[in-house]
Amino acid sequence: MLTLHTAPLLRHTPGGEPVPEHAVLVGGDRVQAVGPLAELTEAYAGARVRRWPGTLGPGLLHDGPLPAAPTPRERVHALLRNGVTAVLVEHLAELALRAAVDRGDLLVLPTAVPPTLLVGGRADLAVHGVDGACLVTVVAGRIAHRRA
């Protein structure tokens, strides 16, 4: 099933200039297309459309130790609540923490790589509101966090 994720603004890279009326087409765990909402809606008329408030962009990389919490699962959830979809392997020495990251399907990277929205790339997305709070985190094409 194809899903078209859209928001008032789309940011292709963290810190990049957001563009209005753009969207990301996701099929399974991959980005299928990125472009103007009108064009993608027309080209993929059968796709489910998810309209989010705020700014849609790539999931974030957490490049430090994972936040403190009572359990490894809660440490991973703290990342998801902030739009994080990737962590560095150097911060996953604890087996239980690595297992929780793997269960959450976060991307584990050997070195820091700036997240970007690339066609064919993994569908890791985050939506942030005007106050900077993360509203939605999509990990490998599935919603992993949604702010109530």
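Both radii are taken from the alpha-carbon atoms of the stretch 7-54; with Rh as the Kirkwood radius, Rg/Rh is 0.95.
Put simply, when 51-59, 65-73, 19-27 are sorted by average Cβ atoms within 10 angstrom per residue, most first, you get 51-59, 19-27, 65-73.
Only Cα pairs under 8 Å and 6+ residues apart enter the sum, and on that basis the relative contact order of the stretch 65-148 stands at 29 percent. For the chain, relative contact order (Cα pairs under 8 Å, six or more residues apart, normalised by length) works out to 27 percent. Rounded to the nearest 500, the 222 nm mean residue ellipticity of the chain from helices alone is -4500 deg cm²/dmol, with -39,500 (n - 2.57) taken per DSSP H run of at least 4 residues. Rounded, prolate or oblate: pick one for the stretch 88-148, where a ≥ b ≥ c are the square roots of the eigenvalues of its C-alpha gyration tensor, a/c under 1.5 means rounded, and failing that, prolate if a/b is larger than b/c, else oblate. It is prolate, given that a/c is not under 1.5 and a/b is the larger ratio. Short to long, the 10 Å bins of the Cα pair-distance histogram for the chain hold 12, 44, 31, 11, 2 percent of all pairs.
Here the label points at V108 and H91, each 7 Å from Cα along the C-beta direction, are separated by 1.5 nm in the simple model.
DSSP beta bridges fully contained in the chain are about 70 percent antiparallel.
Read the figures in this text as sums done on the coordinates, not as results from a lab. Everything numeric here is computed off the predicted structure, so don't read it as measured data. Please note: Cβ atoms are built from the backbone with ideal geometry, for glycine as well, and neighbour counts cover all protein chains shown.
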